[in-house]
């Protein structure tokens, strides 16, 4: 299939169809619960993106004990990126849909594009934001994980009680 120019598009369409079928089955297509002694940590979500990119479905389960051994680098990079009020404001705006520089400067109440690019570099390095031409967006694969991180942080901080 390396010579098939349509392979990527067909694979993406197939993944969307599988996700839709799993959603229609009420989650029956989910992986089985981990057999780890410590149990499992999991999350799932279905989100319709405002930019018309279609629904995003996500389900992940991970062995609870193994989660304690995940590499610190990517974990702290994402948590630090979301942990700054300006970056959180930017991500919240981008979850509504793609935006250009002026929209992001306004959304985060920044005084310059230089400040914006400083924060966008951090979000991009953490794979929470990507650039698409002159606009920025949250990759579809990051939508549900970001929302879960925000909800989990709010829960840990007592904001959901």
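What pairs can you find where one residue is in the range 143-161 and farther than 16 Å from residue 59 by Cα, the other is part of a loop (DSSP other than H, G, I, E, B), and their Cβ atoms are less than 6 Å apart, with a gap of 6+ or different chains?
From residues that are farther than 16 Å from residue 59 by Cα, the pairs are 154/160.
Can you pull out the residues in the range 73-91 that are in contact with a helix residue (DSSP H, G or I) (Cβ under 8 Å, 6 or more places away or on another chain) and in a helix (DSSP H, G or I)?
Selection gives 77, 78, 79, 80, 81, 82, 86, 87, 88, 89, 90, 91.
State which residue is surrounded by the most Cβ atoms within 10 Å (Cβ to Cβ) when the search covers only the range 100-115 and only residues that are under 20 Å from the mean Cα position of the chain (by Cα) and assigned to a helix (DSSP H, G or I).
Across the range 100-115, the extreme among qualifying residues is 104.
Listed residues 61, 52; which is part of a strand (DSSP E or B) and modelled with pLDDT under 95?
Checking each option against the conditions leaves just 61.
Identify the residue in the range 1-44 that is at positive phi and touching a strand residue (DSSP E or B) at 6+ places or on another chain (Cβ under 9 Å) and, among all such residues, is modelled with the highest pLDDT.
This residue is 39.
In the range 116-127, which residue that is within 14 Å of the chain's Cα centre (by Cα) and not in a loop (DSSP other than H, G, I, E, B) is surrounded by the most Cβ atoms within 10 Å (Cβ to Cβ)?
Among residues in the range 116-127 that are within 14 Å of the chain's Cα centre (by Cα) and not in a loop (DSSP other than H, G, I, E, B), the one surrounded by the most Cβ atoms within 10 Å (Cβ to Cβ) is 123.
Among the residues of the range 130-147 satisfying the criterion of being modelled with pLDDT of 90 or more and more than 9 Å from the chain's Cα centre (by Cα), which is farthest from residue 84 (Cα to Cα)?
Out of the qualifying residues, it is 133.
Quick one: in the range 128-140, of everything that is free of Cβ contacts under 8 Å to residues at least 24 places away in the same chain and surrounded by 13 or more Cβ atoms within 10 Å (Cβ to Cβ), which residue is farthest from residue 90 (Cα to Cα)?
Residue satisfying both the conditions and the ranking: 139.
The values are calculated or read from the model by the stated rules, or taken from the named source; none is laboratory data. Model, not experiment: these values are computed from the prediction. Note that each Cβ is placed from the backbone with ideal geometry, even for glycine, and that neighbours are counted across all protein chains shown.
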